[in-house]
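Participant: First the structure, which I've put down as structure tokens, then a few questions once you've had a look.
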Amino acid sequence: MKTRFYAALIVVVLAACTKTNITPSNNLSASSDDLSSVSKAEATLTAHPWMYNAFYMNYIDKNHMGDPLYVRGAQNNQDQILATDRFTFKTNHHFVQTEGNYVYKGTWHFSGNVPTTLFMKYDWGTDEDSIVNLDAGHLNFIQSFGYHNDDHSYTELVPAK
């Protein structure tokens with residue numbers, strides 16, 4: 001009986017000692033990852049000016065974009081002034097929006113340590129844009145508007161030419 005017990009104990013000890021595929025963890029803390037993603041998002045946002053590719057009202061979801069007010073290259077745009085719109089985000093967290101002959105200035109920042117919301121503060125108020133996609137070629141976001149938070153617009157910005 002004692003022989004079986006010691007034999008089982010030796011098998012367990014040897015099995016535990018033969019795990020060679022375990023490597024030490026090099027995980028960074030969550031706050032380091034978050035700050036890295038914010039830095040990347042800021043670098044992407046400030047890399048170049050942005051212009052409208054499309055703008056939809058009454059957005060529901062990605063399968064129901066809503067009513068197109070502007071789509072670059074379309075012949076029947078309801079809001080042609082958006083063709084002239086340009087956004088330039090600066091590294092000092094200021095931005096300039098030009099729309100035809102109009103110039104709007106303000107400040108911008110991301111939400112917390114994770115860039116899920118872009119806040120753009122104008123003289124008349126602050127836009128809160130929920131980021132759907134931010135990479136070198138796209139800045140897409142959803143924004144609530146009107147008196148009810150149930151109404152949304154969907155914006156697609158691309159690098160300005």
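Participant: Examine segment 72-87 for a residue that is part of a strand (DSSP E or B) and within 20 Å of ALA47 (Cα to Cα), and state whether such a residue exists.
Facilitator: There is at least one residue in segment 72-87 that is part of a strand (DSSP E or B) and within 20 Å of ALA47 (Cα to Cα).
Participant: Just to be sure, is THR91 touching an Asp or Glu at 6+ places or on another chain (Cβ under 8 Å) and modelled with pLDDT of 95 or more?
Facilitator: yes
Participant: Further question on the same structure: Given the condition under 18 Å from ILE131 (Cα atoms) and either touching a Leu at 6+ places or on another chain (Cβ under 8 Å) or surrounded by 13 or more Cβ atoms within 10 Å (Cβ to Cβ) (or both), answer yes or no: does some residue in segment 72-82 qualify?
Facilitator: Among the residues of segment 72-82, not one is under 18 Å from ILE131 (Cα atoms) and either touching a Leu at 6+ places or on another chain (Cβ under 8 Å) or surrounded by 13 or more Cβ atoms within 10 Å (Cβ to Cβ) (or both), which makes the answer no.
Participant: Residues that are without any contact (Cβ under 8 Å) to a residue 12 or more places away in the chain and among the polar types (S, T, N, Q), at least 2 per element: which strands (runs of 3 or more DSSP E) completely within segment 108-161 meet that?
Facilitator: Answer list for segment 108-161: 126-135.
Participant: Only one of LEU45, LEU35 is at pLDDT 95 or above and surrounded by 12 or more Cβ atoms within 10 Å (Cβ to Cβ); which?
Facilitator: One residue alone meets the criteria, LEU45.
Participant: What is the one condition in (1) over 20 Å from the mean Cα position of the chain (by Cα); (2) modelled with pLDDT of 95 or more; (3) not basic (Lys, Arg) that ASP135 does not satisfy?
Facilitator: (1)
The values are calculated or read from the model by the stated rules, or taken from the named source; none is laboratory data. In this text, all values refer to a predicted model and were calculated from it rather than measured experimentally. With ideal geometry, Cβ positions are generated from the backbone for all residues, glycine too; neighbour counts draw on all protein chains shown.
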